[in-house]
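What follows is a single structure, written as C-alpha coordinates, with notes after it.
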Amino acid sequence: MKPQKKTAIFFLFISISLAVIFLNQQGLLESPKKYASFLMSAPSKVAWSVAGRFSHFFSFVFNIKNIYIENSDLKNQNQKLLAENSYLGDFIAEKSILEKAKNIQAQENFSWQIGRVIGADAQNWSGYIIVDAGSDDGVAVGMPVIDENKILIGKIAETGKNFSKVLTIFNSSMKVAAKIQGGDVFGVVVGDYAKNLTMDFVAKERLLTQGEAVLTSAKDGVFPEGLVIGTVKDSKIKPENIFQSVNVKSELDIYGINKVIILTKF
Amino acid sequence: MRFFLLSLLLLSVFIAQTGFLPNFLISSAIPNILFVILIFFAFGRFDFRELMALAFFTGILLSVYSGSAFGADLLAVLASVYLVNFLAYNFFGKENFFVFCAGVAVGSVFYKIFYFGVLKSYELSGIAPISVPILKLIAQVSAISVVVNVFSAAILYPFLKKAISLIQNNK
(Lines give C-alpha, C1' and ligand atoms only; values in the text may rest on other atoms or scores of the structure.)
Protein backbone atom coordinates (compact mmCIF):
# COMPACT_ATOMS: atom_id res chain seq x y z
CA MET A 1 0.00 0.00 0.00
CA LYS A 2 1.26 3.50 -0.83
CA PRO A 3 2.54 5.59 2.12
CA GLN A 4 0.07 8.38 1.30
CA LYS A 5 -2.85 5.96 1.50
CA LYS A 6 -1.54 4.59 4.83
CA THR A 7 -1.29 8.11 6.21
CA ALA A 8 -4.84 8.84 5.06
CA ILE A 9 -6.15 5.70 6.76
CA PHE A 10 -4.20 6.60 9.92
CA PHE A 11 -5.71 10.06 10.06
CA LEU A 12 -9.16 8.59 9.39
CA PHE A 13 -8.82 6.42 12.49
CA ILE A 14 -7.46 9.37 14.48
CA SER A 15 -10.54 11.37 13.43
CA ILE A 16 -12.82 8.52 14.50
CA SER A 17 -10.95 8.35 17.83
CA LEU A 18 -11.38 12.09 18.38
CA ALA A 19 -15.09 11.72 17.61
CA VAL A 20 -15.34 8.91 20.17
CA ILE A 21 -13.51 11.05 22.75
CA PHE A 22 -15.91 13.92 22.01
CA LEU A 23 -18.93 11.64 22.46
CA ASN A 24 -17.47 10.44 25.77
CA GLN A 25 -17.00 14.04 26.92
CA GLN A 26 -20.70 14.65 26.17
CA GLY A 27 -21.60 11.62 28.29
CA LEU A 28 -23.10 9.66 25.39
CA LEU A 29 -20.91 6.59 25.91
CA GLU A 30 -21.83 5.79 29.51
CA SER A 31 -24.30 2.99 28.64
CA PRO A 32 -22.02 1.18 26.18
CA LYS A 33 -19.08 1.46 28.63
CA LYS A 34 -21.14 0.05 31.48
CA TYR A 35 -22.46 -2.75 29.28
CA ALA A 36 -18.92 -3.63 28.16
CA SER A 37 -17.67 -3.62 31.76
CA PHE A 38 -20.60 -5.83 32.79
CA LEU A 39 -19.71 -8.37 30.09
CA MET A 40 -16.05 -8.34 31.13
CA SER A 41 -16.69 -8.63 34.88
CA ALA A 42 -17.45 -12.37 34.91
CA PRO A 43 -14.32 -13.58 33.08
CA SER A 44 -12.21 -11.02 34.98
CA LYS A 45 -13.47 -12.44 38.28
CA VAL A 46 -12.40 -15.94 37.25
CA ALA A 47 -9.00 -14.76 36.01
CA TRP A 48 -8.35 -12.81 39.22
CA SER A 49 -9.17 -15.74 41.52
CA VAL A 50 -7.03 -18.15 39.47
CA ALA A 51 -4.14 -15.69 39.44
CA GLY A 52 -4.34 -15.23 43.20
CA ARG A 53 -3.57 -18.87 43.81
CA PHE A 54 -0.53 -18.90 41.54
CA SER A 55 0.81 -15.57 42.77
CA HIS A 56 0.97 -16.64 46.40
CA PHE A 57 3.45 -19.36 45.52
CA PHE A 58 5.58 -17.18 43.25
CA SER A 59 5.62 -14.20 45.62
CA PHE A 60 6.78 -16.44 48.47
CA VAL A 61 9.69 -17.76 46.40
CA PHE A 62 10.76 -14.33 45.15
CA ASN A 63 10.36 -12.60 48.51
CA ILE A 64 12.20 -14.94 50.86
CA LYS A 65 15.09 -12.52 51.26
CA ASN A 66 12.73 -9.57 51.77
CA ILE A 67 10.74 -11.55 54.32
CA TYR A 68 13.93 -12.22 56.33
CA ILE A 69 14.91 -8.53 56.32
CA GLU A 70 11.36 -7.45 57.16
CA ASN A 71 11.27 -9.96 60.02
CA SER A 72 14.47 -8.50 61.53
CA ASP A 73 13.10 -4.95 61.23
CA LEU A 74 9.82 -5.94 62.82
CA LYS A 75 11.60 -7.57 65.76
CA ASN A 76 13.56 -4.36 66.42
CA GLN A 77 10.43 -2.28 66.09
CA ASN A 78 8.57 -4.60 68.43
CA GLN A 79 11.18 -4.16 71.13
CA LYS A 80 10.99 -0.37 70.87
CA LEU A 81 7.21 -0.48 71.02
CA LEU A 82 7.27 -2.68 74.11
CA ALA A 83 9.40 -0.09 75.89
CA GLU A 84 7.06 2.72 74.83
CA ASN A 85 4.05 0.66 75.81
CA SER A 86 5.12 0.28 79.40
CA TYR A 87 5.60 4.08 79.67
CA LEU A 88 2.30 4.92 78.09
CA GLY A 89 0.40 2.23 79.95
CA ASP A 90 -0.99 4.56 82.56
CA PHE A 91 -2.14 7.12 80.01
CA ILE A 92 -3.71 4.46 77.86
CA ALA A 93 -5.63 3.01 80.79
CA GLU A 94 -7.21 6.38 81.49
CA LYS A 95 -7.98 7.24 77.90
CA SER A 96 -9.04 3.78 76.79
CA ILE A 97 -12.52 3.95 78.21
CA LEU A 98 -13.14 7.31 76.57
CA GLU A 99 -11.59 6.17 73.27
CA LYS A 100 -13.64 2.97 73.17
CA ALA A 101 -16.83 4.88 73.70
CA LYS A 102 -15.92 7.31 70.93
CA ASN A 103 -14.92 4.53 68.53
CA ILE A 104 -18.04 2.54 69.15
CA GLN A 105 -20.18 5.59 68.53
CA ALA A 106 -18.24 6.33 65.35
CA GLN A 107 -18.39 2.74 64.14
CA GLU A 108 -22.07 2.46 64.74
CA ASN A 109 -22.57 5.23 62.23
CA PHE A 110 -20.73 3.24 59.53
CA SER A 111 -22.67 1.12 57.11
CA TRP A 112 -20.59 -0.87 54.74
CA GLN A 113 -20.63 -3.28 51.87
CA ILE A 114 -17.92 -5.84 51.20
CA GLY A 115 -16.60 -5.99 47.65
CA ARG A 116 -14.30 -8.58 46.08
CA VAL A 117 -11.61 -7.37 43.68
CA ILE A 118 -12.14 -8.83 40.20
CA GLY A 119 -9.76 -6.79 38.07
CA ALA A 120 -7.48 -3.83 37.71
CA ASP A 121 -6.69 -1.28 35.02
CA ALA A 122 -4.76 -2.66 32.11
CA GLN A 123 -1.81 -0.39 32.81
CA ASN A 124 -0.92 -0.18 36.46
CA TRP A 125 0.16 3.41 36.76
CA SER A 126 -3.32 4.90 36.92
CA GLY A 127 -4.18 3.06 40.17
CA TYR A 128 -7.62 1.69 39.48
CA ILE A 129 -9.35 -1.52 40.60
CA ILE A 130 -12.70 -3.15 39.87
CA VAL A 131 -14.88 -4.80 42.52
CA ASP A 132 -17.97 -6.99 42.30
CA ALA A 133 -20.32 -4.75 44.30
CA GLY A 134 -22.49 -2.28 42.41
CA SER A 135 -25.70 -0.29 42.54
CA ASP A 136 -27.74 -3.41 43.35
CA ASP A 137 -25.72 -3.65 46.58
CA GLY A 138 -26.33 -0.03 47.54
CA VAL A 139 -23.00 1.24 46.22
CA ALA A 140 -22.93 4.74 44.72
CA VAL A 141 -20.34 7.04 43.17
CA GLY A 142 -18.20 8.89 45.70
CA MET A 143 -18.39 6.34 48.51
CA PRO A 144 -15.07 5.80 50.35
CA VAL A 145 -13.30 2.45 50.04
CA ILE A 146 -11.03 1.06 52.75
CA ASP A 147 -9.43 -2.26 53.66
CA GLU A 148 -10.02 -4.26 56.84
CA ASN A 149 -7.32 -2.29 58.67
CA LYS A 150 -9.11 0.99 57.87
CA ILE A 151 -6.40 1.97 55.41
CA LEU A 152 -7.83 4.25 52.75
CA ILE A 153 -7.87 2.69 49.29
CA GLY A 154 -9.85 5.32 47.40
CA LYS A 155 -13.41 6.04 46.36
CA ILE A 156 -16.02 4.70 43.99
CA ALA A 157 -15.65 6.36 40.57
CA GLU A 158 -18.23 4.46 38.50
CA THR A 159 -20.90 1.89 39.26
CA GLY A 160 -22.79 -0.72 37.32
CA LYS A 161 -25.49 -3.03 38.58
CA ASN A 162 -23.05 -5.56 40.05
CA PHE A 163 -19.60 -4.01 39.73
CA SER A 164 -17.85 -0.75 40.56
CA LYS A 165 -14.62 0.96 39.61
CA VAL A 166 -12.52 2.22 42.49
CA LEU A 167 -10.24 5.20 41.94
CA THR A 168 -7.32 4.66 44.31
CA ILE A 169 -5.34 7.26 46.22
CA PHE A 170 -2.44 6.82 43.77
CA ASN A 171 -4.47 8.33 40.92
CA SER A 172 -3.54 11.99 40.45
CA SER A 173 -7.17 13.08 40.12
CA MET A 174 -7.76 11.93 43.73
CA LYS A 175 -7.16 14.62 46.30
CA VAL A 176 -7.68 13.72 49.96
CA ALA A 177 -7.91 16.22 52.81
CA ALA A 178 -5.44 14.89 55.37
CA LYS A 179 -3.83 15.61 58.70
CA ILE A 180 -0.83 14.45 60.66
CA GLN A 181 -1.81 12.37 63.67
CA GLY A 182 -2.01 14.69 66.64
CA GLY A 183 -4.47 16.89 64.78
CA ASP A 184 -2.63 20.20 64.35
CA VAL A 185 -1.18 19.89 60.84
CA PHE A 186 -3.40 19.72 57.77
CA GLY A 187 -2.83 19.34 54.07
CA VAL A 188 -4.00 17.66 50.87
CA VAL A 189 -2.66 14.27 49.74
CA VAL A 190 -2.32 13.75 46.01
CA GLY A 191 -1.11 10.72 44.10
CA ASP A 192 0.82 10.65 40.86
CA TYR A 193 1.00 8.05 38.14
CA ALA A 194 4.19 6.57 39.66
CA LYS A 195 2.60 5.37 42.94
CA ASN A 196 3.97 8.25 45.01
CA LEU A 197 1.86 10.21 47.49
CA THR A 198 2.56 13.84 48.28
CA MET A 199 0.94 15.93 51.00
CA ASP A 200 0.81 19.57 49.90
CA PHE A 201 -0.19 22.81 51.64
CA VAL A 202 1.43 21.77 54.92
CA ALA A 203 2.41 24.61 57.23
CA LYS A 204 6.14 25.24 57.00
CA GLU A 205 6.53 25.94 60.70
CA ARG A 206 5.73 22.38 61.73
CA LEU A 207 8.75 20.12 61.51
CA LEU A 208 7.65 16.59 60.75
CA THR A 209 9.48 13.39 61.64
CA GLN A 210 9.67 10.22 59.62
CA GLY A 211 7.00 7.71 60.55
CA GLU A 212 4.31 10.12 61.73
CA ALA A 213 0.92 8.82 60.67
CA VAL A 214 -1.03 10.62 57.95
CA LEU A 215 -4.81 10.28 58.32
CA THR A 216 -7.92 11.64 56.60
CA SER A 217 -9.15 14.87 58.21
CA ALA A 218 -12.76 14.81 56.86
CA LYS A 219 -12.40 18.48 55.86
CA ASP A 220 -13.31 17.59 52.25
CA GLY A 221 -16.56 15.97 53.30
CA VAL A 222 -15.74 12.91 51.19
CA PHE A 223 -13.91 10.65 53.62
CA PRO A 224 -14.61 10.11 57.32
CA GLU A 225 -11.95 11.25 59.77
CA GLY A 226 -9.21 8.96 60.94
CA LEU A 227 -8.68 6.63 57.98
CA VAL A 228 -5.02 5.74 57.54
CA ILE A 229 -3.33 7.05 54.40
CA GLY A 230 0.31 6.32 55.25
CA THR A 231 3.29 7.67 57.15
CA VAL A 232 5.62 10.62 56.64
CA LYS A 233 8.65 9.61 54.57
CA ASP A 234 10.39 12.98 54.23
CA SER A 235 9.56 16.61 53.52
CA LYS A 236 10.80 19.39 51.28
CA ILE A 237 11.02 22.91 52.70
CA LYS A 238 12.04 25.69 50.34
CA PRO A 239 12.49 29.20 51.78
CA GLU A 240 10.63 30.80 48.87
CA ASN A 241 7.53 28.56 49.30
CA ILE A 242 4.67 29.31 51.65
CA PHE A 243 4.03 25.66 52.39
CA GLN A 244 6.13 22.53 52.66
CA SER A 245 5.62 19.40 50.60
CA VAL A 246 5.66 16.05 52.42
CA ASN A 247 6.31 12.69 50.79
CA VAL A 248 3.96 10.08 52.24
CA LYS A 249 4.76 6.40 52.30
CA SER A 250 1.79 4.15 51.83
CA GLU A 251 1.75 0.49 52.83
CA LEU A 252 -1.14 -0.09 50.44
CA ASP A 253 -0.50 -2.80 47.86
CA ILE A 254 -3.33 -2.31 45.37
CA TYR A 255 -2.74 -5.56 43.54
CA GLY A 256 -2.52 -7.58 46.77
CA ILE A 257 -6.05 -6.64 47.85
CA ASN A 258 -8.72 -9.32 47.55
CA LYS A 259 -11.58 -7.71 49.46
CA VAL A 260 -12.49 -4.10 50.12
CA ILE A 261 -14.95 -2.38 52.43
CA ILE A 262 -17.15 0.26 50.81
CA LEU A 263 -18.53 2.74 53.34
CA THR A 264 -22.11 3.19 52.19
CA LYS A 265 -22.99 5.42 55.14
CA PHE A 266 -20.80 7.24 57.65
CA MET B 1 -13.38 -14.55 9.87
CA ARG B 2 -9.70 -13.74 10.43
CA PHE B 3 -10.52 -10.31 11.82
CA PHE B 4 -13.03 -11.92 14.17
CA LEU B 5 -10.43 -14.45 15.40
CA LEU B 6 -7.85 -11.71 15.92
CA SER B 7 -10.35 -9.59 17.85
CA LEU B 8 -11.19 -12.60 20.01
CA LEU B 9 -7.48 -13.17 20.65
CA LEU B 10 -7.03 -9.55 21.69
CA LEU B 11 -10.10 -9.69 23.94
CA SER B 12 -8.81 -12.84 25.69
CA VAL B 13 -5.41 -11.26 26.20
CA PHE B 14 -7.13 -8.15 27.55
CA ILE B 15 -9.00 -10.21 30.16
CA ALA B 16 -5.71 -11.86 31.16
CA GLN B 17 -3.99 -8.49 31.33
CA THR B 18 -6.59 -6.96 33.66
CA GLY B 19 -7.57 -10.03 35.67
CA PHE B 20 -4.54 -12.29 35.74
CA LEU B 21 -1.31 -10.35 35.16
CA PRO B 22 -1.67 -7.68 37.92
CA ASN B 23 -0.90 -10.48 40.38
CA PHE B 24 2.51 -11.00 38.74
CA LEU B 25 4.10 -7.59 38.75
CA ILE B 26 7.69 -7.31 37.55
CA SER B 27 9.22 -4.45 39.56
CA SER B 28 5.83 -2.69 39.86
CA ALA B 29 5.09 -2.94 36.12
CA ILE B 30 2.59 -5.08 34.22
CA PRO B 31 3.64 -6.12 30.72
CA ASN B 32 1.34 -4.58 28.11
CA ILE B 33 0.80 -7.84 26.21
CA LEU B 34 -1.90 -6.29 24.04
CA PHE B 35 0.53 -3.68 22.80
CA VAL B 36 3.27 -6.28 22.21
CA ILE B 37 0.85 -8.30 20.04
CA LEU B 38 -0.12 -5.21 18.05
CA ILE B 39 3.56 -4.44 17.39
CA PHE B 40 3.91 -8.03 16.16
CA PHE B 41 1.03 -7.41 13.76
CA ALA B 42 2.61 -4.12 12.68
CA PHE B 43 5.52 -5.95 11.06
CA GLY B 44 3.61 -6.32 7.83
CA ARG B 45 1.55 -9.40 8.58
CA PHE B 46 -1.80 -7.89 7.78
CA ASP B 47 -3.45 -5.31 5.59
CA PHE B 48 -2.83 -1.82 6.99
CA ARG B 49 -6.57 -1.13 7.37
CA GLU B 50 -6.94 -4.34 9.40
CA LEU B 51 -3.97 -3.33 11.56
CA MET B 52 -5.44 0.11 12.27
CA ALA B 53 -8.85 -1.41 13.03
CA LEU B 54 -7.27 -3.84 15.51
CA ALA B 55 -5.27 -0.99 17.05
CA PHE B 56 -8.48 1.04 17.36
CA PHE B 57 -10.27 -1.90 19.02
CA THR B 58 -7.37 -2.41 21.44
CA GLY B 59 -7.20 1.30 22.22
CA ILE B 60 -10.93 1.37 23.01
CA LEU B 61 -10.53 -1.62 25.38
CA LEU B 62 -7.59 0.00 27.16
CA SER B 63 -9.41 3.34 27.41
CA VAL B 64 -12.62 1.88 28.85
CA TYR B 65 -10.69 0.01 31.54
CA SER B 66 -8.16 2.75 32.19
CA GLY B 67 -8.20 4.88 35.31
CA SER B 68 -6.97 7.94 33.43
CA ALA B 69 -8.73 10.28 31.01
CA PHE B 70 -10.64 8.48 28.28
CA GLY B 71 -9.01 8.41 24.89
CA ALA B 72 -5.34 8.77 25.87
CA ASP B 73 -4.66 5.06 25.39
CA LEU B 74 -6.63 5.03 22.14
CA LEU B 75 -4.64 7.83 20.52
CA ALA B 76 -1.32 6.55 21.89
CA VAL B 77 -1.91 3.02 20.56
CA LEU B 78 -2.89 4.24 17.08
CA ALA B 79 0.10 6.59 16.81
CA SER B 80 2.62 4.04 18.13
CA VAL B 81 1.41 1.23 15.87
CA TYR B 82 1.48 3.53 12.82
CA LEU B 83 4.99 4.62 13.71
CA VAL B 84 6.31 1.06 14.20
CA ASN B 85 4.66 -0.03 10.93
CA PHE B 86 6.36 2.88 9.18
CA LEU B 87 9.73 1.98 10.72
CA ALA B 88 9.22 -1.72 9.91
CA TYR B 89 8.81 -0.96 6.20
CA ASN B 90 11.42 1.79 5.92
CA PHE B 91 14.09 1.04 8.52
CA PHE B 92 14.01 -2.29 10.29
CA GLY B 93 14.22 -4.60 7.31
CA LYS B 94 13.35 -8.28 7.50
CA GLU B 95 11.59 -9.20 10.69
CA ASN B 96 13.26 -11.61 13.11
CA PHE B 97 13.42 -12.05 16.89
CA PHE B 98 15.83 -9.16 17.51
CA VAL B 99 14.10 -6.79 15.10
CA PHE B 100 10.79 -7.57 16.79
CA CYS B 101 12.23 -6.85 20.26
CA ALA B 102 13.71 -3.61 18.95
CA GLY B 103 10.32 -2.72 17.48
CA VAL B 104 8.63 -3.38 20.84
CA ALA B 105 11.19 -1.21 22.63
CA VAL B 106 10.80 1.67 20.18
CA GLY B 107 7.02 1.28 20.14
CA SER B 108 6.84 1.24 23.95
CA VAL B 109 8.91 4.41 24.24
CA PHE B 110 6.73 6.21 21.72
CA TYR B 111 3.59 4.83 23.37
CA LYS B 112 4.58 6.38 26.69
CA ILE B 113 5.53 9.68 25.08
CA PHE B 114 2.25 9.85 23.14
CA TYR B 115 0.21 8.70 26.14
CA PHE B 116 1.60 11.22 28.60
CA GLY B 117 1.64 13.87 25.88
CA VAL B 118 -2.10 13.39 25.34
CA LEU B 119 -2.73 13.50 29.09
CA LYS B 120 -0.67 16.69 29.34
CA SER B 121 -2.74 18.25 26.57
CA TYR B 122 -5.89 17.23 28.46
CA GLU B 123 -4.50 18.94 31.56
CA LEU B 124 -3.53 22.12 29.71
CA SER B 125 -6.84 22.36 27.86
CA GLY B 126 -8.83 21.64 31.01
CA ILE B 127 -10.60 18.59 29.56
CA ALA B 128 -9.64 16.48 32.57
CA PRO B 129 -8.79 17.62 36.13
CA ILE B 130 -5.42 15.86 36.26
CA SER B 131 -1.86 16.76 37.04
CA VAL B 132 0.78 15.31 34.73
CA PRO B 133 4.43 15.84 35.65
CA ILE B 134 5.30 14.60 32.20
CA LEU B 135 9.10 14.47 32.35
CA LYS B 136 9.13 12.77 35.74
CA LEU B 137 6.59 10.20 34.53
CA ILE B 138 8.43 9.43 31.34
CA ALA B 139 11.62 8.90 33.34
CA GLN B 140 10.12 6.93 36.22
CA VAL B 141 7.31 4.91 34.64
CA SER B 142 8.43 4.44 31.07
CA ALA B 143 11.85 2.91 31.59
CA ILE B 144 10.73 -0.14 33.53
CA SER B 145 7.63 -0.55 31.31
CA VAL B 146 9.80 -0.69 28.20
CA VAL B 147 12.07 -3.32 29.77
CA VAL B 148 9.09 -5.39 30.89
CA ASN B 149 7.44 -5.18 27.45
CA VAL B 150 10.62 -6.25 25.66
CA PHE B 151 11.06 -9.14 28.12
CA SER B 152 7.46 -10.25 27.40
CA ALA B 153 8.01 -9.86 23.66
CA ALA B 154 11.05 -12.13 23.86
CA ILE B 155 9.01 -14.83 25.61
CA LEU B 156 5.93 -14.48 23.41
CA TYR B 157 7.63 -14.31 20.01
CA PRO B 158 7.59 -18.06 19.15
CA PHE B 159 4.00 -18.45 20.38
CA LEU B 160 2.83 -15.44 18.41
CA LYS B 161 4.43 -16.75 15.23
CA LYS B 162 2.66 -20.06 15.67
CA ALA B 163 -0.69 -18.47 16.53
CA ILE B 164 -0.60 -16.08 13.59
CA SER B 165 0.34 -18.82 11.13
CA LEU B 166 -2.70 -20.81 12.34
CA ILE B 167 -4.97 -17.78 11.99
CA GLN B 168 -3.62 -16.87 8.58
CA ASN B 169 -4.25 -20.41 7.37
CA ASN B 170 -7.89 -19.93 8.33
CA LYS B 171 -8.43 -16.82 6.21
From the set of residues in segment B:36-50 that are assigned to a helix (DSSP H, G or I) and within 9 Å of chain A (Cβ to nearest Cβ), which is nearest to B:Asn90 (Cα to Cα)?
-> B:Phe48
Within segment B:69-171, which helices (runs of 4 or more DSSP H) (wholly inside it) include 1 or more residues that are surrounded by 16 or more Cβ atoms within 10 Å (Cβ to Cβ) and modelled with pLDDT under 75?
-> B:134-137, B:143-169
Subset of segment A:218-265 [open to solvent by 80 Å² or more (accessible area, probe 1.4 Å), over 14 Å from A:Val166 (Cβ atoms) and not β-branched (Val, Ile, Thr)] = A:Lys219, A:Glu225, A:Lys233, A:Lys236, A:Lys238, A:Pro239, A:Glu240, A:Phe243, A:Lys249, A:Glu251, A:Asp253, A:Lys265
Filtering segment B:51-68 down to residues that are among the aromatic types (Phe, Trp, Tyr) and part of a helix (DSSP H, G or I) yields B:Phe56, B:Phe57
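Just wondering, is there one or more residues in segment A:168-176 that are under 23 Å from B:Val64 (Cβ atoms), open to solvent by 40 Å² or more (accessible area, probe 1.4 Å) and among the small types (Gly, Ala, Ser)? Please lay out each step first, then the result.
Restricting attention to segment A:168-176, the residues satisfying the condition of being under 23 Å from B:Val64 (Cβ atoms) are A:168-174.
Checking which are open to solvent by 40 Å² or more (accessible area, probe 1.4 Å) leaves us with A:173.
With the extra rule that they be among the small types (Gly, Ala, Ser), the set shrinks to A:173.
Among the residues of segment A:168-176, at least one is under 23 Å from B:Val64 (Cβ atoms), open to solvent by 40 Å² or more (accessible area, probe 1.4 Å) and among the small types (Gly, Ala, Ser), which makes the answer yes.
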Subset of segment B:113-127, residues more than 11 Å from every other protein chain (Cβ to nearest Cβ) and not hydroxyl-bearing (Ser, Thr, Tyr), comes to B:Ile113, B:Phe114, B:Gly117, B:Lys120, B:Leu124, B:Gly126
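The values are calculated or read from the model by the stated rules, or taken from the named source; none is laboratory data. What you see is a predicted model; the values in this text were computed from it and never measured. All Cβ positions, even for glycine, are placed from backbone atoms using ideal geometry, and neighbour counts span all protein chains on display. Side chains are part of the model used for accessible areas, which takes the heavy atoms of the whole protein and leaves out ligands, DNA and RNA. Shrake-Rupley method; radii C 1.70, N 1.55, O 1.52, S 1.80 Å.
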